[in-house]
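These notes concern the structure reproduced below.
The values are calculated or read from the model by the stated rules, or taken from the named source; none is laboratory data. Quick caveat: nothing in here was measured; it's all calculated off a predicted structure. Note: ideal-geometry Cβ built from the backbone for every residue, glycine included; neighbour counts use all protein chains shown. Just so you know, the surface numbers come from the protein's heavy atoms only, side chains and all, with ligands and any DNA or RNA stripped out. Shrake-Rupley method; radii C 1.70, N 1.55, O 1.52, S 1.80 Å.
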Amino acid sequence: MCPCRRPGRVGHIGEGLAGPTIIAFGTETQKQRFLPPILKGDELWCQGYSEPNAGSDLANVRTRARLVGDRWVIDGQKVWTSLAHVSDWCFVIARTEEGSQQHRGLSYLLVPMRQKGITVRPIQQMTGTSEFNEVFFDGAETAAENIVGQPGEGWKVAMGTLAFERGASTLGQQMAFHNQLAQVIAIARRNGKARDPLIRQRLAEAWIGLQIMRANALRMLSQADKPELPREAYVSKLYWATWHRDLGKLAMDVLGPEAEIADAGDYALTPLQQLFLFTRSDTIYAGTNEIQRNIIAERALGMPREARG
Ligand SMILES: Cc1cc2nc3c(=O)[nH]c(=O)nc-3n(C[C@H](O)[C@H](O)[C@H](O)COP(=O)(O)OP(=O)(O)OC[C@H]3O[C@@H](n4cnc5c(N)ncnc54)[C@H](O)[C@@H]3O)c2cc1C
């Protein structure tokens, strides 16, 4: 079987986001409790950040949590929560200081998903699948000790998770990108599109983009011992997301009219059709391209901060 058709890792949100966050900010007890089942793939995780009015403006989170005895009690709603329907745990950003605004007064809670206070409602995507969900918290509970960092300091932890999400967690996906490009090239050779000079040029550009991603990853990793994120790390998300979206378009142009054909009955899309549709979301999740450009301007280039209300 072509390597690009093998399944990805099912526990990637735990392995790439929850695990590194717990290692960086969690207590010894949390490390012992949560890391082994993440490593073994016994417990799956989801990310409870976005809300109907808190996406790019994540600090606008409205989900609330209050400490009642030895439990956090959580009320509110998350949205676009990938894999919530199969997850055992969710890391949730919630407002724990009443009346607090923006990034102040937020806490980072680890919440068990399988409980009566949580309702998961799937959102159907254009691929026909429902990978992400709305998640409703209605008196959901978690133990008081399931907080990462101090109460009210959740923003710092949440930003740490985002740094993992935009950077290190995506390094492994370069293998998948490599395999997808190889599949596009193989089809172009087979159906003759490789003789079209414009397609050839785009294939070459895609290959060059992969080498640039690899070089940038090595450049970042070589500075991994420094306390500050190297400035070049900030371009990573914008670069891979745009590259991958363009690969999706290239795949459709290489397939030609065949790209338009799908069985509408059961959404039996081919892997390249799925690639095209899914890559439309790459420039949105983990921070949109526009937000990445703001971050590059402000944090990497030191330009004045955007005016915020
Ligand atoms: C496939 C997929 C999976 C996801 N999985 C998860 C998940 O598991 N957990 C989770 O919490 N979230 C998840 N998300 C949500 C994702 O993080 C948000 O969609 C993203 O942060 C954008 O927020 P929004 O959709 O509310 O758009 P908005 O923030 O409303 O943005 C709308 C548009 O306005 C632009 N915009 C907004 N603010 C600015 C600004 N200051 N400057 C310039 N332009 C701006 C944006 O770039 C965008 O084009 C997922 C999204 C997708 C597509």
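Values for this structure:
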{"read-out": "Cα long-axis angle, helix 197-221 against the chain (0 to 90 degrees, to the nearest 10)", "value": "40"}
{"read-out": "J(HN,Hα) series, the range 26-41, from Karplus relation 6.51 cos²θ - 1.76 cosθ + 1.60, nearest Hz, glycine and proline x", "value": "x, 7, 4, 4, 5, 4, 5, 6, 9, 5, x, x, 5, 4, 7, x"}
{"read-out": "Cys90 long-range amide H proximity, modeled H, under 5 Å", "value": "Cys46, Val111, Met113"}
{"read-out": "Amide H partners (placed H, <5 Å) of Gly117, local residues excluded", "value": "Glu141"}
{"read-out": "Top positive-direction residue, dipole computed over the range 3-151 with Cβ charges, set Gln150, Gln125, Gly19", "value": "Gln125"}
{"read-out": "Separation between Cα centres of the range 286-305 and the range 89-166, rounded to whole Å", "value": "24"}
{"read-out": "CD proxy at 222 nm, helix term only [per DSSP H run n ≥ 4: -39500 (n - 2.57); per residue of the chain; nearest 500]", "value": "-12000 deg cm²/dmol"}
{"read-out": "Loop trypsin sites (Lys or Arg not before Pro), the range 1-97 (other Cβ atoms within 10 Å of the site Cβ: 16 or fewer; DSSP)", "value": "Arg9, Arg62"}
{"read-out": "Prolate/oblate/rounded call for the range 3-151, Cα gyration tensor, a/c under 1.5 rounded", "value": "oblate"}
{"read-out": "Residues of the chain: accessible area per residue with a 1.4 Å probe, Å²", "value": "55"}
{"read-out": "Within the accessible area of the chain (1.4 Å probe), percent carbon and sulfur", "value": "55"}
{"read-out": "Karplus-derived HN-Hα couplings along the range 237-248 (A = 6.51, B = -1.76, C = 1.60, θ = phi - 60°), whole Hz, x at Gly and Pro", "value": "4, 4, 5, 5, 5, 5, 4, 5, 4, 5, 5, x"}
{"read-out": "Relative contact order computed over the chain (Cα-Cα under 8 Å; 6+ residues apart), in percent", "value": "15"}
{"read-out": "Whole-Hz ³J(HN,Hα) from phi, Karplus 6.51 cos²θ - 1.76 cosθ + 1.60, for the range 42-51, glycine and proline x", "value": "7, 10, 9, 10, 9, 10, x, 9, 5, 9"}
{"read-out": "Residue among Asp57, Asp88, Asp42 with the largest mean-square fluctuation in a Gaussian network model of the chain, springs linking Cα atoms under 10 Å", "value": "Asp42"}
